[in-house]
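The values are calculated or read from the model by the stated rules, or taken from the named source; none is laboratory data. What you are looking at is a predicted structure, and each value in this text was computed from that prediction instead of being measured. Positions of Cβ are generated from backbone atoms using ideal geometry, with glycine treated the same way; all protein chains shown enter the neighbour counts.
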Amino acid sequence: MRALVWHGTADIRCERVPDPEIEDDRDAIIKVTSCAICGSDLHLFDHFMPGMKSGDIMGHETMGEVVEVGSAAKSALKVGDRVVIPFTIICGECEQCKRGNFSVCERSNRNKNLGDKVFGHTTAGLFGYTHLTGGYAGGQAEYLRVPFADKTHIKVPDSIPDEKLLFLSDIFPTGWQGAAQCDIQPTDTVAIWGCGPVGQMTIRSAILLGAKQVIAIDRLPERLSMAEAGGAITINFEEESVIDRLNELTGGKGPEKCIDAVGLEAHATGSIDSMYDRAKQAMMLETDRPHVLREMMYVCRPAGVLSIPGVYGGLLDKIPLGAVMNKGLTIRTGQTHVNRWTDDLLTLVVENQIDPSFVITHTEPLERGPEMYKTFRDKQDGCVKVVLKP
Amino acid sequence: MAKGLGYLSIALGAAELLAPRAMCRAAGLNGMEPLVRSYGAREIATGVAILTSHNRAPWIWGRVAGDMADIATVATGIRQNGEKTTNAILTLAALAAVTAVDVMCASGLESEKGNRKTAVADYSDRSGFPGGLQAARGAARHLKIPADMKTPEILKTPEMSSSAQAAS
Ligand SMILES: NC(=O)c1ccc[n+]([C@@H]2O[C@H](COP(=O)([O-])OP(=O)(O)OC[C@H]3O[C@@H](n4cnc5c(N)ncnc54)[C@H](O)[C@@H]3O)[C@@H](O)[C@H]2O)c1
Ligand SMILES: [Zn+2]
Ligand SMILES: [Zn+2]
C-alpha cells in the first residue's frame, strides 16, 4: 500500500510499504477513506518530539471501512462497518480506561518501559506518534491496523459525509476537552491562544458551552477571520499586547479561563523570553518554547483555570509557578480522552448543532501529503486544515 | 540557510572573543586584538538574534553590514603589516564570499515574507454553526461536565453560582 513515511526532519515521503496484517485477536484492519494532518504531526515533522525512527508511518486522524476483524473483536465490529479511529489506543479494561482516562490507558503502549522512563509512568499507545507511545503505524495510508479494535473505534452513520465526522478522531474532542475541562460558567471570559484547527474547535466548544465572552489570539489574519466567524473577539499578538488587551476586556481582572491551543512551538515577537527560548532550543538546552504558558499564568484571574491541550514534550524553563501558586490556579491538561466525549459530540454533529468541516481548507490525494505538510507548517495558501484521500 | 548563518555567527564570535590573538594571526591582523574581540561580541549578538527572531531578514542584513566592517579592517591590516599579506588576502577573499552568501540569504528571506502576505484568505463566512452563531451560544450547556473537571463549589463566586442556576 502507499503511506506517508517519516525519514527525518522535514522529510516525509509517500512510499510503498507492506500492507498491515492482523497481529492479535483484538485487531482490525481499516481501509482508509479520509485522513488529516494535525498540528501534532508538525512537532514530528519539525522533529521537536523525540522518539521517531526512519520508516515510521505518520497519521493519527483517520476514518474508513472495516475490511478484516480479529476473532476477539468480532463481537464489536464486522466487515463493512464505517468507523472513525480515535488517536488514543484504548484497552477499555484497565483502571484508567474504566475511569474514562483513555489517553493514559495502562495497557495499550507496547513500549511501556520507554514511556515509564521518559514520563515516570507510561501513557496510552498512540497511532503514528513516536516510539514512546508504542511506535504504532499511523493512518496517513491506504490501510490501518487498529489494535484493541473492539474498543478503539467510534461507529458512525452512513448518511453523513467523511468531512463532518473525521475530526471526531482528534481535534473536535481535543477542542471540546480543552473547553470542557475549564468547567465554563455563563459569567466566564475564556481566552484561547492559537487559532489553528485545535484552537478553532476550542472556540466553537466554548461558545456551545455558553461562555460569556470568548477571546482568541493568533497572528495569521485568515485564522483570525475564522475565529471571529465562530464568535470570538480576536487579538493579533504581532500588533497588540496580549496581556493589556485581555485585561482591558475583563475590567482589569483577567480571563477566568485560559486555554493553550498552541503547544511547544510558540512564536513570540520581540519579547525577551522568546529569544531566550529560541536560543536555548536551537542549542538543545531546552526542548519546548513555553511563551504562551508564561502569558497564561501571568494574566489568568486568581482562582482561575489553565487548560492545556497544546502538546509539550519535555523540559521547560522559567515557568512562573509563583503566579500559579499564589493565585491558586488550577491546571488541567493531557492528551485527549477521545472516547469520553465522542457519543455527545457525534450527537451534536447529527443534530446539526455544529459542522466541523468548516475548518477544512485543503483536500488533496495522499501522494500530495509531503507537500501539504510544508503548506500547513508554513501557513501558506491560507491553509488551516488538510484532509488527504488515499 | 539563515539558521546556518546564525550558528556560524555564534561560532566565529566565540572564537574572536575567546582567542583574539590566534584569530588575528590567522587573518594577518597583528595588534588589533581589542577590535577583533569587539567584533566577536557583535557576531554572537547577531547570531543569537538570527536564531531567535521571528523575522530573520533584518538581522542577516546586519551580518552584511558586519561583513563590510570586517573587510575594511582586514584591508587596513594589509597596508599596515606588509609581511602577513598572504593571510590577509586569503581572509579578504573568504570575507567576500561570506558577504555574498549573506546578501543572497537576506534577499531570499525578504521574498519569502512577500509570498506569505499574498496568500492570505478570508474565512469570515465559516462559523461552523449550521444554525447560526446566536443559536449556538450555550446550546450544549446541558452536556455534563465530568466531576473530575468541575470547579469546586468553594472556588465559585456567588455571582457565578446564581447565574449558573438561572441558566439551567
Ligand atoms: N491534547 C491533545 O490531545 C492534542 C490533540 C491535537 C493537537 N494537539 C496540540 O494542539 C496544538 C495546536 O494544534 P493545531 O493543529 O491547531 O496546530 P497549528 O500549528 O496549526 O496551530 C497553532 C497556532 O498557534 C499560533 N500561535 C503560535 N504562537 C502563538 C502565540 N504566542 N500566541 C497565540 N497563538 C500562537 C500559530 O500561529 C498557529 O495558528 C499543537 O501543540 C498540537 O500538538 C493536542
Ligand atoms: Zn492530533
Ligand atoms: Zn486501558
*For A:P320, indicate whether it is over 28 Å from A:I160 (Cβ atoms) and of a type outside the set (A, V, I, L, M).*
yes
*Identify all residues within the stretch A:190-217 that are away from chain B (no Cβ under 12 Å) and more than 16 Å from ligand 2 (Cβ to nearest atom); write none if there are none.*
A:V190, A:A191, A:I192, A:W193, A:I215, A:A216, A:I217
*Test A:G8 against the criterion of being loosely packed, with under 15 Cβ neighbours inside 10 Å and more than 13 Å from A:A149 (Cβ to Cβ), and give yes or no.*
yes
_I'd like to verify a number: residues in the stretch A:56-109 that are more than 16 Å from ligand 2 (Cβ to nearest atom), assigned to a loop (DSSP other than H, G, I, E, B), of a type outside the set (A, V, I, L, M, F, W, C) and buried (at least 17 other Cβ atoms within 10 Å of the Cβ), how many?_
8
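Is it the case that A:P309 is over 22 Å from A:E248 (Cβ atoms), within 14 Å of chain B (Cβ to nearest Cβ) and modelled with pLDDT of 85 or more?
Numbers: over 22 Å from A:E248 (Cβ atoms): yes; within 14 Å of chain B (Cβ to nearest Cβ): yes; modelled with pLDDT of 85 or more: yes.
Yes; evaluated as a whole, the condition is true for this residue.
Determine whether A:D150 is outside the structural domain of A:E15 (by TED's automatic domain parsing) and out of contact with any Phe, Trp or Tyr (no Cβ under 9 Å at 6 or more places or on another chain). Walk me through it before giving the result.
Details: outside the structural domain of A:E15 (by TED's automatic domain parsing): no; out of contact with any Phe, Trp or Tyr (no Cβ under 9 Å at 6 or more places or on another chain): yes.
No.
Only one residue in A:G138, A:G115 is under 24 Å from A:R2 (Cβ atoms) and crowded, with 21+ Cβ neighbours inside 10 Å. Which one?
Values: A:G115 fails: under 24 Å from A:R2 (Cβ atoms).
Answer to the selection: A:G138.
Just one of A:E61, A:E65 is on the phi < 0 side of the Ramachandran plot, of a type in the set (D, E) and within 14 Å of ligand 1 (Cβ to nearest atom); which is it?
Details: A:E65 fails: within 14 Å of ligand 1 (Cβ to nearest atom).
Result: A:E61 is the single residue among A:E61, A:E65 that is on the phi < 0 side of the Ramachandran plot, of a type in the set (D, E) and within 14 Å of ligand 1 (Cβ to nearest atom).
Taking the stretch A:38-51 on its own, how many of its residues are away from ligand 2 (no atom under 15 Å from the Cβ) and either small (G, A, S) or more than 14 Å from every other protein chain (Cβ to nearest Cβ) (or both)? Write out each step before concluding.
The initial filter retains those residues of the stretch A:38-51 that are away from ligand 2 (no atom under 15 Å from the Cβ), namely A:47, A:50-51.
Add one more test, that the residue is either small (G, A, S) or more than 14 Å from every other protein chain (Cβ to nearest Cβ) (or both), and what stays is A:50-51.
Matching residues across the stretch A:38-51 total 2.
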*A:L264 passes all but one of (1) touching a residue at least 40 places away in the same chain (Cβ under 8 Å); (2) surrounded by fewer than 21 Cβ atoms within 10 Å (Cβ to Cβ); which number fails?*
(2)
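A:A191: over 18 Å from A:L249 (Cβ atoms) and touching a Leu at 6+ places or on another chain (Cβ under 9 Å), yes or no?
Considered against the rule, which asks whether it is over 18 Å from A:L249 (Cβ atoms) and touching a Leu at 6+ places or on another chain (Cβ under 9 Å), A:A191 comes out as no.
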*Could you please find all residues in the stretch A:3-25 being outside any strand (DSSP E or B) and touching a Lys or Arg at 6+ places or on another chain (Cβ under 8 Å)?*
A:A10, A:V17, A:P20, A:E21, A:I22, A:E23
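Where residues in the stretch A:26-37 are away from ligand 1 (no atom under 16 Å from the Cβ) and in contact with a Phe, Trp or Tyr (Cβ under 7 Å, 6 or more places away or on another chain), which of them is nearest to the other protein chains (Cβ to nearest Cβ)? Step through it out loud before you land on a result.
Of the residues in the stretch A:26-37, the ones away from ligand 1 (no atom under 16 Å from the Cβ) are A:26-34.
Pick out the ones that are also in contact with a Phe, Trp or Tyr (Cβ under 7 Å, 6 or more places away or on another chain) and you get A:26, A:29-32.
Numbers: A:R26: 27, A:I29: 33, A:I30: 27, A:K31: 28, A:V32: 24 Å.
Going through the qualifying residues, I end up with A:V32.
Matching residues to (1) closer than 26 Å to A:A76 by Cα; (2) away from ligand 3 (no atom under 16 Å from the Cβ); (3) within 14 Å of chain B (Cβ to nearest Cβ); (4) modelled with pLDDT of 95 or more:
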site: A:E106; (1), (2), (3), (4): yes, no, no, yes
site: A:V118; (1), (2), (3), (4): no, yes, no, no
site: A:A124; (1), (2), (3), (4): yes, no, no, yes
site: A:G139; (1), (2), (3), (4): yes, yes, no, yes
site: A:Y143; (1), (2), (3), (4): yes, yes, no, yes
site: A:K151; (1), (2), (3), (4): yes, no, no, yes
site: A:E163; (1), (2), (3), (4): yes, yes, yes, yes
site: A:D170; (1), (2), (3), (4): yes, yes, no, yes
site: A:A179; (1), (2), (3), (4): no, yes, yes, yes
*A:E106 is checked against (1) within 16 Å of ligand 1 (Cβ to nearest atom); (2) touching a helix residue (DSSP H, G or I) at 6+ places or on another chain (Cβ under 7 Å) and fails just one. What number does that condition carry?*
(1)
*Yes or no: A:P309 within 16 Å of ligand 2 (Cβ to nearest atom) and not assigned by TED's automatic domain parsing to the domain that holds A:D183?*
no
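Each row is one residue, and each column tells you yes or no for (1) in contact with a Ser or Thr (Cβ under 7 Å, 6 or more places away or on another chain); (2) crowded, with 20+ Cβ neighbours inside 10 Å; (3) at pLDDT 70 or above.
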residue	(1), (2), (3)
B:A14	no, no, yes
B:R21	no, no, yes
B:R37	no, no, yes
B:A41	no, no, yes
B:A45	no, no, yes
B:R56	no, yes, no
B:G62	yes, no, no
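For the stretch A:110-139, give me each residue that is part of a helix (DSSP H, G or I) and either away from ligand 2 (no atom under 16 Å from the Cβ) or outside the structural domain of A:F48 (by TED's automatic domain parsing) (or both). Can you show your working first?
Keep residues of the stretch A:110-139 that are part of a helix (DSSP H, G or I), which gives A:112-119, A:131-133.
A:K112, A:N113, A:L114, A:G115, A:D116, A:K117, A:V118, A:F119, A:H131 - these are the residues of the stretch A:110-139 that are part of a helix (DSSP H, G or I) and either away from ligand 2 (no atom under 16 Å from the Cβ) or outside the structural domain of A:F48 (by TED's automatic domain parsing) (or both).
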*Check every one of the helices (runs of 4 or more DSSP H) wholly within the stretch A:149-260 and list those with 2 or more residues that are in contact with a helix residue (DSSP H, G or I) (Cβ under 9 Å, 6 or more places away or on another chain) and hydroxyl-bearing (S, T, Y).*
A:197-208
*asked:* Take the residues in the stretch A:148-174 that are surrounded by fewer than 24 Cβ atoms within 10 Å (Cβ to Cβ) and touching an Asp or Glu at 6+ places or on another chain (Cβ under 7 Å); name whichever of them is farthest from A:K31 (Cα to Cα).
replied: A:K164
*State the number of residues belonging to the stretch A:355-376 that are in contact with a Phe, Trp or Tyr (Cβ under 6 Å, 6 or more places away or on another chain) and within 14 Å of chain B (Cβ to nearest Cβ).*
1
